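Okay, so here's the structure we're looking at.
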Amino acid sequence: MLSRYSRIVNAPRQAPGRSAVTEYRIDELARAAGTTVRNIRAYQDRGLLHPPRVLGRVGMYSEQHLRRLRRVLSLLNRGYASAQIQELLGAWDRGVGLSGVIDLEQAITRSWRDEVPVVMSHDEAVELLGSEDHLERVMASGWAVADDDRVTFLSQALLDTFQEAVALGWPAEKIIDLQVRLTPALDHVADLFVDTAVEHLVAEHGDAWVPRGDEVAQTAALIERLRELASTSIGVVLARALETSVERAYGEHQARIQGQDDSTP
């Protein structure tokens, strides 16, 4: 079990003399944002992320750094080039009439998960998952990222589920297969929800609409509500589908048993 492993989940610290101000070392910032130390340094070199506050010989990053980093990652994932991101962030830094858009961008880009990542050595991750191949498949599915000799599992809940299933006797390979197969299906479900919301906004406001004034807060609230509705709807539909599937599987199993009894001389 994971308790046997030397998990490194360093809690962010409050800056000395600054009440309730959270600061991160670079590895902690990487875990909080779901990226790697190497990427953070690359973003700094490109001017996308401001330098940290230096405490002794250690760079300390703030919540502002974390928000900006998440914004950079979101824009990269949406296909923006580094030069475009730098220009956009520069406009935000100058406050060129985009203060409301920043609030909207934060509502869009903030993590939908409230989880603490789990970090361990590469060897520990291989032992936990059962093989090097299993680790590679998990990283390819987006469940974990590697940085030097450390592996970060982005979901504590998903890791706990994996361990519990293994403890119940399920083969690790089968669980990983399930995760790999589920990911694209759930990505499609997420796209359906988001595309439906976008179609609604475009139909109501037009293709070139940009929220302004009170519309920014209203749109941000709509996005937050979408998170709740999507999670609830998927949970309800999945629960009903599981109930139906279990009943089907049980009926098929009973039919096989009955067939074997009928064929017994």
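The values are calculated or read from the model by the stated rules, or taken from the named source; none is laboratory data. The structure presented is a predicted model; accordingly, all values stated were derived computationally and were not measured. Quick reminder, even Gly has a Cβ in these numbers, built from the backbone with ideal geometry, and neighbours come from all protein chains shown.
At a glance:
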item	result
Residue match in the stretch 188-203 (condition: surrounded by fewer than 14 Cβ atoms within 10 Å (Cβ to Cβ) and within 24 Å of Val116 (Cβ to Cβ))	yes
Residue check, His200 more than 24 Å from the chain's Cα centre (by Cα) and either among the basic types (Lys, Arg) or part of a helix (DSSP H, G or I) (or both)	yes
Answer from Leu104, Leu48, Leu73 - the residue that is part of a helix (DSSP H, G or I) and either modelled with pLDDT of 80 or more or over 21 Å from Thr219 (Cβ atoms) (or both)	Leu73
Only listed residue being closer than 30 Å to Thr232 by Cα and modelled with pLDDT of 80 or more, chosen from Leu159, Leu128, Leu135	Leu159
Any hit, the stretch 228-237, residues being farther than 20 Å from Leu129 by Cβ, of a type outside the set (D, E, K, R), part of a helix (DSSP H, G or I) and over 21 Å from the mean Cα position of the chain (by Cα)	yes
Residues of the stretch 107-125 satisfying the condition of being aromatic (Phe, Trp, Tyr) and at pLDDT 70 or above	none
Filtered residue count, the stretch 35-54, keeping only those that are under 14 Å from Arg150 (Cβ atoms) and surrounded by fewer than 18 Cβ atoms within 10 Å (Cβ to Cβ)	2
Conditions (1) exposed (fewer than 11 other Cβ atoms within 10 Å of the Cβ); (2) farther than 26 Å from Val138 by Cα; number of the one not met by Thr219	(1)
